[in-house]
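Participant: Can you read through this structure? Questions will come right after.
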Amino acid sequence: MSEAGGRPTIKEVARRAGVALSSVSRVLNDHPDVSESMRARVHESITALGYEPNLLAAGLRRGSSRTVGFIVADLRNPLYASIVTAAQRELGGAGYAVVITSSNSEAERDEEMARGLRLRQVDALIVSLTDETHPGVIEELARFDGPVVLLDRQVPDLRNASTVETDHGTGMKRATRHLMELGHERIALITGPLEARPSAQRVKAFLDVHRENGLEYPEDLVRTGSFEPGFGEGSTSELLQADRPPTALIAGGNQLLTGVLRSLRGLGIEAGRDLALISCDDVPLSELHTPPITVIDRDIEEFGRAGARLALERLSDPDAAPRKVVLPTSLVLRESTVRVPSH
């Protein structure tokens, strides 16, 4: 404990060890030019006093806070929780702490969070934007001096940003073709806003497969706007109560799936019997639902690790060029995808 009864200081460590202040600093920074006897005396003094170095102050003196800012849309989403956990493990192994913020799927909050993290002098930003076209967010990210990594977003004006992307288009094509092979022509798609890359890719791929098969694009069966469960529930109810309801439905997000299933239950419609159903990302709900739900899957943990590695690359070499990593998708077939009902 400090002689004054407060938090021990580096000066007290030096005094107790009988060495110069600069010697303690060299030991703390693991400098090679330190004798083993001096190193032992300093560590004994640190242990006896209970001294804890101020890593933030030391980092800022070196021009680094040893922290990475992470902005996600909604931490209640198990998808983001898995991504952040995987990235945090990777960054922690390299000695970086992670400051996690959530925008609640509001572009203005993205801008606010980016500004706050910049002012707190984080070393890098890993960001999943709500709206990749929002000018305020783009301007704020452009002002950031350190590395920026975008998760599943494309912002052409941020030429210095690295990106981790998922091949959503290929996954959606596989899902749509699978449903058509089962005889479905009236296929609905519910997904998030077109201002977000995953939704735009899914809609384009969905349209491409219809064209491949000589089918008109079913504009009346496509709903875009939000990844929230409420949007999934409302859209499903509208679609299934229309004059020509779909025989199959694709939910473009695991939170949308929650709303879709709520609507199906309210309407007395059973997935895998009355309606073929596919979702995105293999969260526990998809696998444990009865019947288990076919999903367009991807390696979420690798997605988080890849984002962290891109940030670390640029932190270790600021002159390195930004990179793009694209991860594949796969179609996991389960009992929720059935042929067109005969009735």
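Participant: What does the helix-only formula give at 222 nm for the chain: each DSSP H stretch with n ≥ 4 adding -39500 (n - 2.57), the total divided by the residues, and the result rounded to the nearest 500 deg cm²/dmol?
Facilitator: Calculated mean residue ellipticity at 222 nm is -14000 deg cm²/dmol.
Participant: Give me the percent of DSSP beta bridges within the chain that run antiparallel, rounded to the nearest 5.
Facilitator: Close to 10 percent.
Participant: Grab the Cα-Cα distance for Asn160 and Thr133, subtract it from 0.36 nm times how many residues apart they are, and report the gain in nm with one decimal. Please list the in-between numbers first.
Facilitator: On the way: separation 27, 0.36 × 27 = 9.72 nm, distance 1.65 nm.
Computed gain between Asn160 and Thr133 is 8.1 nm.
Participant: Still on this structure, I have one more. Out of Gly225, Val332, Val19, whose Cα points farthest toward the positive end of the dipole of the chain (charges: +1 Lys, Arg; -1 Asp, Glu; placed on Cβ)?
Facilitator: The residue sitting farthest along the positive end of the dipole is Val19.
Participant: While we're looking at this one, here's another question. Go ahead and run the numbers for FRET between Asp317 and Glu212, Cβ-Cβ distance against an R0 of 45 Å, rounding to 0.05. It would help to have the intermediate numbers written out before the result.
Facilitator: On the way: r = 44 Å, r/R0 = 0.97.
The computed FRET efficiency comes out at 0.55.
Participant: Same structure, new question: Given a 1.4 angstrom probe, what's the average accessible area per residue across the chain, in square angstrom? Display every interim value, and only then the final one.
Facilitator: Numbers: 16460 Å² over 343 residues.
Here the per-residue accessible area is 48 Å².
Participant: I've got another one for you. Which whole-Hz ³J(HN,Hα) couplings does the stretch 189-197 yield from phi under the Karplus relation 6.51 cos²θ - 1.76 cosθ + 1.60, θ = phi - 60°, glycine and proline marked x?
Facilitator: 10, 10, 8, x, x, 5, 6, 10, 3
Participant: Output the 0 to 90 degree angle, nearest 10, between the alpha-carbon long axis of helix 107-119 and the longest principal axis computed from the alpha carbons of the chain.
Facilitator: Its long axis makes an angle of about 10 degrees.
Participant: Describe numerically, in nm with one decimal, the distance between label points set 7 Å from Cα along Cα→Cβ at Thr290 and at Leu267.
Facilitator: So the two model labels end up 2.2 nm from each other.
Participant: Let me ask another. Please find, in a Gaussian network model of the chain (springs between Cα atoms separated by less than 10 Å), the residue of Leu182, Leu194, Leu141 whose mean-square fluctuation is greatest.
Facilitator: For the chain, modelled as a Gaussian network with Cα springs under 10 Å, the answer is Leu182.
Participant: R0 = 56 Å: FRET efficiency of Val34 with Arg76, Cβ-based, nearest 0.05? Let's see the in-between values first.
Facilitator: Working: r = 49 Å, r/R0 = 0.87.
After rounding, the FRET efficiency stands at 0.70.
Participant: Also: Place +1 on the Cβ of every Lys and Arg and -1 on the Cβ of every Asp and Glu in the chain, take the dipole about the Cα centre, and give the residue among Ala251, Ser102, Leu179 whose Cα lies farthest towards its positive end.
Facilitator: Farthest towards the positive end: Ser102.
Participant: Would you give the gap between the C-alpha center of the stretch 152-187 and the C-alpha center of the stretch 275-302, rounded to a whole Å?
Facilitator: 16 Å
Participant: With the cut-off at 28 Å, report for the chain the share of all Cα pairs above it, as a whole percent. Could the numbers behind the result be given before it?
Facilitator: Numbers: 30492 of 58653 pairs.
That fraction is 52 percent.
Participant: Go through the stretch 250-343 and name the GluC sites (Glu not before Pro) that are in a DSSP coil and have 16 or fewer other Cβ atoms within 10 Å of their Cβ.
Facilitator: Working: sites: Glu270, Glu287, Glu301, Glu302, Glu313, Glu335; in loops: Glu270, Glu335.
Passing both the DSSP loop test and the Cβ count: Glu270, Glu335.
Participant: Let me ask another. Counting only C-alpha contacts under 8 Å and six or more residues apart, can you give the relative contact order of the chain as a whole percent?
Facilitator: Details: 630 pairs, mean separation 56.8, N = 343.
Computed value for the chain: 17 percent relative contact order.
Participant: Further question on the same structure: Please list the non-local residues whose amide H lies under 5 Å from the amide H of Val98, H modeled 1.01 Å from N, same-chain partners needing a gap of 5 or more.
Facilitator: Those lying under 5 Å, H to H, from Val98 are Val68.
Participant: Suppose R0 equals 22 Å; then what is the FRET efficiency for Asn104 and Ala142 from their Cβ-Cβ distance, rounded to the nearest 0.05?
Facilitator: On the way: r = 23 Å, r/R0 = 1.05.
About 0.45, to the nearest 0.05.
Participant: Tally up the carbon and sulfur contribution to the accessible surface of the chain as a whole percent, 1.4 Å probe, everything protein left in place. Don't jump to the answer; show the numbers that get you there.
Facilitator: Details: 8130 of 16460 Å².
With neighbouring chains kept in place, the figure for the chain is 49 percent.
Participant: Would you please classify the overall shape of the stretch 184-256 from the alpha carbon gyration tensor, given that a ≥ b ≥ c denote the square roots of the eigenvalues, rounded means a/c under 1.5, and beyond that prolate means a/b larger than b/c while oblate covers the rest?
Facilitator: On the way: a/c = 2.25, a/b = 1.13, b/c = 1.99.
Because a/c hits 1.5 or more and a/b fails to exceed b/c, the stretch 184-256 counts as oblate.
The values are calculated or read from the model by the stated rules, or taken from the named source; none is laboratory data. Computed from a predicted structure; not experimentally measured. For neighbour counting, all protein chains shown are included, and Cβ atoms are generated from backbone atoms with ideal geometry for every residue, glycine included. Surface accessibility is based on the protein's heavy atoms, side chains included, excluding ligands, DNA and RNA. Shrake-Rupley method; radii C 1.70, N 1.55, O 1.52, S 1.80 Å.
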